[in-house]
Amino acid sequence: MNNTVYAFLMTLVAGLSTGIGSLIALFAKNKNTKFLSFALGFSAGIMIYISTIEIFPKAKLSLCEFMGDKNGLIVVSVSFFIGILLIALIDKLIPQKTLNFNNSPDEEGRKKIMRMGLFTAAAISMHNLPEGLATFLTALKEPTIATPVVAAIAIHNIPEGIAVSAPIYYATKSRKKAFVYSFLSGLTEPLGAVIGYLLLMPFLNDAIFGIAFSAVAGIMVYISIDTLLPTAEEYGEHSLSVKGAVLGMAVKAASLILFAG
């Protein structure tokens with residue numbers, strides 16, 4: 001399969017996982033939040049390990065070969081923090097808000113909750129754009145590590161699907177509307193891949209890949225620390241998220257050893 005097509009498919013899979021979260025919110029009567037907490041921590045561990053052990057060193061190697069050791073190290077470091085600043089800026093400008101849905105809203109609160117659901121959908125859509133770009137570039141440059149990255153982002157997107165569909169369902173009592181809004185918010189992930197493809201593909205070389213890859217590493221580390229681990233603690237216990245993160249790192253390390261050479 002062509003690498004570009006494969007990268008698009010991987011990004012599409014990651015984005016559509018918001019639909020899984022939507023279905024969980026709409027149809028599951030009993031949600032295993034402890035398992036979700038562990039899974040989110042596991043995803044964070046994988047993403048942090050991949051970003052720091054695989055993606056960043058490969059970006060550094062690419063840039064150092066292209067620019068020399070000192071200049072390459074400067075550019076890869078700056079690009080890493082630019083990735084963090086980019087996703088942090090999106091977080092600041094379009095913050096994600098949450099609501100407690102344990103109690104049914106009264107009639108007066110439904111319009112407010114509907115607005116909250118639409119706002120959450122818009123916020124998640126904006127957050128998914130750089131995630132889509134990160135997934136696309138990872139799958140394009142390093143197909144062998146695309147699968148764990150996609151799995152980690154997909155699990156990360158499940159509670160986002162819940163966050164979108166739950167308020168809209170509570171406000172409208174329509175499962176169809178709730179699912180559609182959640183599904184559409186996930187489609188911005190492959191949209192990020194399309195934007196990245198159109199903007200970057202004509203200029204791609206080792207230097208551009210190195211810069212983009214180091215920025216992707218920064219984005220993934222930030223998502224893990226700012227979103228995955230805090231969300232994991234909200235759904236369960238602190239120790240569960242930490243254990244999940246450590247296990248995620250260990251599983252990824254083991255896979256590198258098994259498939260080395």
**Request:** Could you list all residues from the stretch 47-77 that are small (Gly, Ala, Ser) and in contact (Cβ under 8 Å) with a residue 12 or more places away in the chain?
**Result:** 51, 59, 62, 72, 77
**Item:** Any pair with Cβ under 9 angstrom, 6 or more apart, that starts in the stretch 222-235 at a residue that is surrounded by fewer than 19 Cβ atoms within 10 Å (Cβ to Cβ) and ends at one that is small (Gly, Ala, Ser)
**Value:** 225/44; 226/88; 230/241; 233/37; 233/41; 233/241; 234/37
**Request:** Can you work out which of the residues in the stretch 132-168 that are closer than 20 Å to residue 196 by Cα and charged (D, E, K, R) is surrounded by the most Cβ atoms within 10 Å (Cβ to Cβ)?
**Result:** 141
**Prompt:** Of the residues in the stretch 204-231, how many are under 18 Å from residue 150 (Cα atoms) and either in contact with a helix residue (DSSP H, G or I) (Cβ under 6 Å, 6 or more places away or on another chain) or basic (Lys, Arg) (or both)?
**Reply:** 14
**Prompt:** Which one of these is modelled with pLDDT of 75 or more and within 24 Å of residue 65 (Cα to Cα): 260, 253, 245, 215?
**Reply:** 215
**Prompt:** Just for the stretch 169-192: of the residues that are among the hydroxyl-bearing types (Ser, Thr, Tyr) and in a helix (DSSP H, G or I), which one is surrounded by the most Cβ atoms within 10 Å (Cβ to Cβ)?
**Reply:** 182
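The values are calculated or read from the model by the stated rules, or taken from the named source; none is laboratory data. Model, not experiment: these values are computed from the prediction. Note that each Cβ is placed from the backbone with ideal geometry, even for glycine, and that neighbours are counted across all protein chains shown.
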